[in-house]
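Below: one structure, written as structure tokens.
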Amino acid sequence: MKVIQCWDDGPVNDLRLIDILRRYQARATFCLNPGLYQDERSFGWLHDGQEVWRLSIHELPEVYEGFEICNHSMTHPDLTGLTGERLDWEIRASRELLEKIFQKPVLGFCYPFNAYDHSTLHAVRSAGHLWARCGQNGKHIFPPDDPLRFSPHCHFLDPEFRLKYEHAKKKEKIFFFWGHSYELTSEDMWVKFEGWIKEAGSDETVEWSFIDDLFG
Ligand SMILES: [Zn+2]
């Protein structure tokens with residue numbers, strides 16, 4: 001079974017996550033908003049009382065070297081309210097900027113707040129994306145009916161994560177989860193997550209995969 005994982009919003013916490021992923025040669029996809037980065041690291045918001053900071057735009061290529069990059073829109077708005085030039089900027093210009101920053105093709109999109117409608121789908125498709133991630137459904141997920149509505153099985157903190165992973169291992173070719181590294185808010189959670197990455201990586205029936213490789 002192939003395991004795919006998506007991590008969103010590009011916070012400084014990704015540094016620790018990537019450290020773990022590299023240690024076990026685990027592949028992962030990072031969904032980024034290129035319009036929200038500044039020259040220096042910048043304060044983003046509070047999560048569970050902890051400050052979430054964004055990386056600086058200059059460190060992105062090095063931090064995410066070797067990982068898959070996914071377009072998460074320029075500035076993370078609800079895209080369903082947008083039209084015309086603004087919609088195009090959030091989707092097409094964002095993809096172009098990510099390709100310029102990382103010097104490689106960006107083929108995937110992730111809908112901010114999992115919000116999309118007919119015009120969003122059209123804009124994502126016409127900007128050249130081959131796949132897009134939407135809300136989780138937990139059931140059979142691959143191949144999706146529409147690659148622009150590709151659903152993960154679950155969030156990484158889903159209480160049934162383990163159950164769904166074991167179930168997918170028996171019945172499916174893919175297990176797909178998502179999350180934010182800033183949701184790892186305690187040492188305990190980091191240790192537990194690293195333990196799982198190590199365990200999954202040493203399972204001969206499991207292989208890490210990028211999403212582009214499923215749709216390319
Ligand atoms: Zn997001």
Suppose the filter is within 12 Å of the ligand (Cβ to nearest atom) and more than 21 Å from Pro152 (Cα to Cα); does Gly44 pass it? yes
Looking at the stretch 178-193, which of its residues are surrounded by fewer than 21 Cβ atoms within 10 Å (Cβ to Cβ) and part of a helix (DSSP H, G or I)? Glu183, Glu187, Asp188, Met189, Trp190, Val191, Lys192, Phe193
Quick test for you: out of Asp212, Asp158, pick the one residue that is within 15 Å of Gly108 (Cα to Cα), at pLDDT 95 or above and open to solvent by 20 Å² or more (accessible area, probe 1.4 Å). Asp212
Please go through the stretch 38-87 and pick out each residue that is among the aliphatic types (A, V, I, L, M) and open to solvent by 20 Å² or more (accessible area, probe 1.4 Å). Leu46, Ile57, Leu82
Need pairs with beta-carbon distance below 6 Å; first residue at negative phi and basic (Lys, Arg) and within the stretch 92-103, second open to solvent by 50 Å² or more (accessible area, probe 1.4 Å) and in a helix (DSSP H, G or I); sequence gap 6+ or separate chains. none
Go through the stretch 104-122 and report how many residues are under 14 Å from Arg92 (Cα atoms) and either within 16 Å of the ligand (Cβ to nearest atom) or touching a Lys or Arg at 6+ places or on another chain (Cβ under 7 Å) (or both). 6
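Output yes when any residue across the stretch 135-145 is within 16 Å of the ligand (Cβ to nearest atom), touching a strand residue (DSSP E or B) at 6+ places or on another chain (Cβ under 9 Å) and farther than 30 Å from Val191 by Cβ, and no when none is. Break it down into steps so the answer makes sense when it comes.
As a first pass, look at the stretch 135-145 and keep what is within 16 Å of the ligand (Cβ to nearest atom): 135-136.
Restricting the remaining residues to those that are touching a strand residue (DSSP E or B) at 6+ places or on another chain (Cβ under 9 Å) gives 136.
Right, trim to farther than 30 Å from Val191 by Cβ and you get none.
No: zero hits.
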Please give the helices (runs of 4 or more DSSP H) falling wholly within the stretch 1-119 in which 3 or more residues are closer than 30 Å to Gly195 by Cα. 14-23, 60-63
Looking at this structure, is Arg133 open to solvent by 30 Å² or more (accessible area, probe 1.4 Å) and either acidic (Asp, Glu) or under 16 Å from the mean Cα position of the chain (by Cα) (or both)? no
Just one of (1) over 17 Å from the mean Cα position of the chain (by Cα); (2) away from the ligand (no atom under 14 Å from the Cβ); (3) crowded, with 21+ Cβ neighbours inside 10 Å; (4) not small (Gly, Ala, Ser) trips up Glu96, so point out which. (3)
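The values are calculated or read from the model by the stated rules, or taken from the named source; none is laboratory data. None of these values were measured; they are calculated from a predicted model. Every residue, glycine as well, gets a Cβ built from its backbone with ideal geometry; the counts of neighbours run over all protein chains shown. SASA here: full protein model, heavy atoms, side chains in, ligands and nucleic acids out. Shrake-Rupley method; radii C 1.70, N 1.55, O 1.52, S 1.80 Å.
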